[in-house]
Amino acid sequence: MPQEGLSMRKVKEVLRLRFDLGLRQDQIARSCSIAQATVHRYLERATAAGLNWPLPEDCDDRRLNELLFPSRPICPSHQLRAGVDFAEIYRQLKGHKHVTLQLLWEEYRETQPDGYGYSRFCELYQKWHRDHSVVMRQEHRPGEKMFVDWAGPTVPIYDHHTSDITPASLFVAVLGASTYTFAQATLSQDLPNWVACHIATFEYFNGTTKLIVPDNPRTGVDRACRYEPDLNRTYHEMSLHYGVAIMPARPYKPRDKAKVENAVLLTERWILAALRHHRFFTLAELNQAIGQLLEKLNQRPFRKREGTRASLFVEVDRPALQPLPAERYVIASWKTVRANIDYHVEVDRHYYSVPYQLAGQQMEARFTATTVEIFHLGKRVASHRRSSAAYQHTVVREHMPKSHQAHLEWTPSRLIHWAETAVGESTAQLVRTILESRPHPEMGYRACLGIMRLGKTYTNPRLEAASQRALQLQACSYQSLKSILKRGLDRQTTLALEPDRPGPKHENIRGAHYYDPPTTLLQ
């Protein structure tokens, strides 16, 4: 049964691709990197639960898990007899050296006791293999797929002052139906440049396709796998913003990305080769030259058919593209965080508050250049302006417990003003002395708030008298003031000081006159 977190994101993506984009189950399986049977099961359970897309606002990950996967499993009214997935049989034989048809048949009969016998099983598999050994020509529907990849060669960019060389990479994107091509140079192949190139591509095409087919780059795919590649969270979020699905090509399967392989070859021949004698000093200068050659490439006539990539794009792909959203996607990074006991999480050496009830809980932080958002179970629980101050705290009042909020309300000036107006000058002086005696005024807040509570217990006149006595005794602390009130010493009008008495007489006791200057020195 799927658990909260990553699996619930997979379920949400399945529902979005099915009910929002209308993709087939096999396309959804490839985009989400899960088995087609799993997609079918998710959709079946969603239909039974009456779910659609978008999900209700109150349907967080935990609620979605309860709706789709209740504690008691959903039993179908009748059991269907499953066939043999010969494609999976073929993948098992090719992917594992020692796996045989005999072993796969025995595993099949464990789940299907009334299934095919071994000889019939082998006969059907051989027939399936013959029928699927012929390469099928891919037909690309208008506006359906966009293929993306990095070109192999790089372009040197020279520094004006030091002549150091920075290699610039070339991003290439091509539409499946019209082969309309886009190219752009970047200083690196990192995630921000990868996502920024996709955004530039969408804006160049003035629309988006339903599917994006990348070649399992490390920037876009966290774990490249033939069957279950994991998409980078930022890359996936970008696809959600533009309403597209990402379906990575299978590793070592060039037929899955033949379009972009051909487009990369063309850009290397007609763009990179044409720029081999040019010397570039800025990235903007390089991209300007690439843009001019790119227009020539898209306007070049086809050799075996009429028209150009540009004319075919206008005729076929452009009408089928999805419109761009109202706002451009803002690149964001994700990080798994855990709230400390002080209900703060750390993002880039700064601490941001979350609701105190989430202390100790694991959450996800999404941060851009200007904002930081914290999510728990797929629901946003905090939002802050991003700060560059290292090891400082950003706190929202509503995230604090009531006791901490009350503490935050007080400042040194407000505490002193309360003492002057509500009690008296002696109490104000006592509060001022306590705050000034601490290395930081905040360290004296607790004592001053305790003095306020003493006024409620013993009345303000008694508190003022006790403060006056504490100042005379230089006993400026909460505990001393509490002791004076508790023992009733505040009711005494004057301090009972002991009278001066002569000390004992002894030849070794000099007395105070010993330190008087000699009279000869004064003359």
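The values are calculated or read from the model by the stated rules, or taken from the named source; none is laboratory data. Please read these numbers as outputs of a predicted model, since none were measured by experiment. Backbone-built Cβ (ideal geometry, glycine too); neighbour counts: all protein chains shown. Accessible surface is based on the protein model in full, side chains and every heavy atom, while ligands, DNA and RNA are left aside. Shrake-Rupley method; radii C 1.70, N 1.55, O 1.52, S 1.80 Å.
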Per-pair calculated FRET efficiency, R0 = 35 Å: ALA320 and GLU285 via Cβ, rounded to 0.05 | 0.50
Nonlocal amide H pairs with HIS350, under 5 Å, H built at 1.01 Å = TYR391
With the dipole of segment 299-377 worked out from charges on the C-beta (+1 for Lys and Arg, -1 for Asp and Glu) around the Cα centre, which of PHE313, HIS344, PRO323 lies farthest toward the positive end?
-> PHE313
Lys and Arg at +1, Asp and Glu at -1: add these up for the other residues within a Cβ distance under 11 Å of GLU425 and post the number.
-> -1
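Find the accessible area per residue for segment 3-68; the probe is 1.4 Å, ligands and nucleic acids are left out, and the unit is Å².
Heavy-atom SASA per residue in segment 3-68 reads 50 Å².
Given the peptides 202-215, 469-482, arrange them by the average over their residues of other C-beta atoms within 10 Å, most packed first.
Values: 202-215: 20.9, 469-482: 16.4.
So the order, starting with the most tightly packed, is 202-215, 469-482.
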Förster radius 60 Å - calculated FRET efficiency between ARG141 and ARG338 (Cβ-Cβ, nearest 0.05) = 0.85
Using a 1.4 angstrom probe, figure out how much accessible area segment 310-410 has per residue, in square angstrom, rounded to the nearest whole.
-> 59
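At 1.4 Å probe size, with every protein chain present, just tell me what the per residue accessible area of segment 445-491 comes to in Å².
So segment 445-491 comes to 57 Å² accessible per residue, rounded to a whole number.
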Evaluate segment 311-439: find the radius of gyration of its Cα atoms, find its Kirkwood radius, and give the ratio Rg to Rh.
-> 1.29
